[in-house]
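Visitor: If you scroll down you'll find the structure; I have some questions about it.
The values are calculated or read from the model by the stated rules, or taken from the named source; none is laboratory data. Remember, it's a predicted structure, so these values are computed and weren't measured experimentally. Cβ placement follows ideal geometry from the backbone for every residue including glycine, while neighbour counts extend to all protein chains displayed. Remember, those area values only see protein heavy atoms, side chains included, never the ligands or the DNA or RNA. Shrake-Rupley method; radii C 1.70, N 1.55, O 1.52, S 1.80 Å.
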Amino acid sequence: MSGSIRLYVEAPLHAGAEIATTPAQAHYLATVMRRAVGETVRLFNGRDGEWDARILALRRDRARLGAERQMLPQAPEPDIWLLFAPLKRDATDLVVQKATELGASAILPVLTERTNTTRLNLDRLRAIATEAAEQCERQTLPRIEEARRLPALLAEWPAGRTLVSALERAAAPLVRPHACPAALLVGPEGGFTDMELDALRRHPFVVAASLGPRILRAETAVIVGLALLQAADGG
Ligand code: SAH
């Protein structure tokens with residue numbers, strides 16, 4: 001499988017299924033990777049496992065693929081959400097890419113009192129997540145939601161999901177693996193306000209956790225926090 005091209009598609013995958021690529025995927029196959037009709041690629045859609053598919057037709061802006069054989073069944077994945085306060089564009093892109101690689105099942109941008117960025121291009125973030133999923137051999141895409149305010153997220157929090165909140169200087173234990181479903185919350189560069197910290201502490205599903213003695217940039221905190229949260233099963 002190493003070196004073979006993996007593409008995410010939305011269409012159902014089964015033997016004989018024919019799939020039309022997006023223009024970007026056709027460009028990638030034809031122009032970037034110089035593939036030709038008759039060669040194979042890997043496909044996944046988040047539901048039907050991984051399939052070998054043959055390139056049936058290929059132009060610069062469109063291609064048709066024929067699914068032939070299921071190579072891997074759909075595997076269970078960890079159910080860990082990431083809640084993070086949007087950062088500057090490059091840092092936000094990095095967070096979405098790394099959270100996808102680290103297996104986050106959903107990415108929920110959260111607006112806090114000290115969040116400066118409020119405008120997010122979700123299409124762009126979804127494209128980044130798709131590319132990361134294709135490259136890291138995960139079988140699903142994280143769900144990327146619209147940004148919501150922290151109080152609204154806390155008020156509507158689903159029962160049974162632990163919210164591990166990364167809090168610097170909080171004398172809390174280090175982030176450790178939690179049973180799924182779980183979520184990691186990382187604050188903005190300016191940190192949470194005292195009011196937000198009080199609100200977090202009032203909710204029984206919130207667990208305060210540390211990422212060590214140094215104050216990390218938010219994007220670093222996301223990467224370390226997700227890695228520690230799922231370290232138990234390598235999820
Ligand atoms: N400006 C703040 C730091 C914010 S760091 C200050 O100097 O106090 C951005 C976010 O990363 C924080 O809200 C927190 O969620 C997370 N974070 C950074 N370092 C951390 C640590 N050592 N432990 C837990 N969370 C941390």
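Visitor: Output the residue which, of all residues in the stretch 203-219 that are touching a residue at least 40 places away in the same chain (Cβ under 8 Å) and near the ligand (Cβ under 6 Å from one of its atoms), is farthest from Ala106 (Cα to Cα). Give the derivation first.
Guide: At the first step, the residues of the stretch 203-219 found to be touching a residue at least 40 places away in the same chain (Cβ under 8 Å) are 203, 205-211, 215-219.
Subsequent filtering for residues that are near the ligand (Cβ under 6 Å from one of its atoms) retains 210-211, 215-216, 218.
Values: Ser210: 22, Leu211: 21, Ile215: 25, Leu216: 22, Ala218: 18 Å.
Applying the filter and picking the extreme gives Ile215.
Visitor: Of everything in the stretch 160-202 that's more than 8 Å from the ligand (Cβ to nearest atom) and charged (D, E, K, R), which residue is nearest to Ile80 (Cα to Cα)?
Guide: Per the stated criteria, the residue is Arg161.
Visitor: Being closer than 30 Å to Phe192 by Cα, open to solvent by less than 10 Å² (accessible area, probe 1.4 Å) and modelled with pLDDT of 95 or more is the requirement here; does Leu82 meet it?
Guide: Spelling it out, Leu82 is indeed closer than 30 Å to Phe192 by Cα, open to solvent by less than 10 Å² (accessible area, probe 1.4 Å) and modelled with pLDDT of 95 or more.
Visitor: Those residues that are over 21 Å from Ala104 (Cβ atoms) and surrounded by 16 or more Cβ atoms within 10 Å (Cβ to Cβ), I need them from the stretch 169-196; list them, please.
Guide: Result: Ala172, Gly191, Glu196.
Visitor: Which pairs do you get when a residue that is closer than 9 Å to Ala85 by Cα, found in the stretch 105-125, comes within reach of a residue that is among the basic types (Lys, Arg), reach meaning Cβ atoms under 6 angstrom, with the pair 6+ apart or on two chains?
Guide: Leu111/Arg149
Visitor: Which residue is nearest to the chain's Cα centre (by Cα), if the candidates are limited to the stretch 95-109 and must be part of a loop (DSSP other than H, G, I, E, B) and of a type in the set (A, V, I, L, M)?
Guide: That would be Ala104.
Visitor: Now for a separate question. Asp198 versus (1) closer than 20 Å to Arg149 by Cβ; (2) touching a Ser or Thr at 6+ places or on another chain (Cβ under 8 Å): which is the lone unmet condition?
Guide: (2)
Visitor: Test Pro142 against the criterion of being under 20 Å from Pro86 (Cα atoms), within 18 Å of the chain's Cα centre (by Cα) and either surrounded by 13 or more Cβ atoms within 10 Å (Cβ to Cβ) or touching a residue at least 24 places away in the same chain (Cβ under 8 Å) (or both), and give yes or no.
Guide: yes
Visitor: Kindly list the number of the only condition in (1) crowded, with 17+ Cβ neighbours inside 10 Å; (2) within 18 Å of the chain's Cα centre (by Cα); (3) within 18 Å of Ala221 (Cβ to Cβ) that fails for Thr112.
Guide: Here Thr112 meets the rest and fails (2).
Visitor: Still on this structure, I have one more. Which is in contact with a His (Cβ under 8 Å, 6 or more places away or on another chain) and either among the aromatic types (Phe, Trp, Tyr) or crowded, with 17+ Cβ neighbours inside 10 Å (or both), of Ala129, Ala67, Ala63, Ala104?
Guide: When all the criteria are applied, what remains is Ala67.
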